[in-house]
Amino acid sequence: MFPVDRQLLIDRLLEVANLTDQLEDDAADALIRWAVAQVDRLIAGTANLEVIYVKMQGLMKAMRSINLLAGNPRNASSDALADLLSGYQEALGAARAASEADRAALLKAISSMQPAQAVEYIIRWLQNATGK
């Protein structure tokens, strides 16, 4: 096994435009900071590059979903929220239990927010439920 290059994984997050293309600077920076902070959790306990690749795909899926949800919060979709939950679990193994009412409440809450506020709110929503 080769050692995992943490910086290479972070660089990958920074170079993929569609992870933040719906967001302005402050919101994009908040999403990137959160994702970079997840990289250590993602690689913890494994040197298997295939496993890490799958986890990175999940993290990027979660980022794309936050990008879509927060980039246009008035029109946020339940499909993007479902992708967020799926990607988060794939990346970090942390299932976020969310009833239909819980999902609807999130979509309603972010609908009146600015994108940067929505990014922060969604991240807290994920972490509060999973404890991570």
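A short reminder: the numbers here are calculations on the coordinates, not readings from a lab. Since the model is a prediction, treat every value here as computed from it, not as a measurement.
Helix 78-92 and the long axis of the chain differ in direction by around 30°, with both axes built from C-alpha atoms. Could you run the Debye sum over the Cα atoms of the chain, one equal point scatterer each and no solvent, and tell me log10 of I(q)/I(0) at q = 0.10, 0.21 Å⁻¹, two decimals? Once normalised to I(0) and log-transformed, intensities are -0.29, -1.22. Against the chain, whose longest principal axis comes from its Cα atoms, helix 25-43 is set at around 40 degrees. For the range 6-130, the relative contact order works out to 29 percent when only alpha carbon pairs closer than 8 Å and six or more residues apart are counted.
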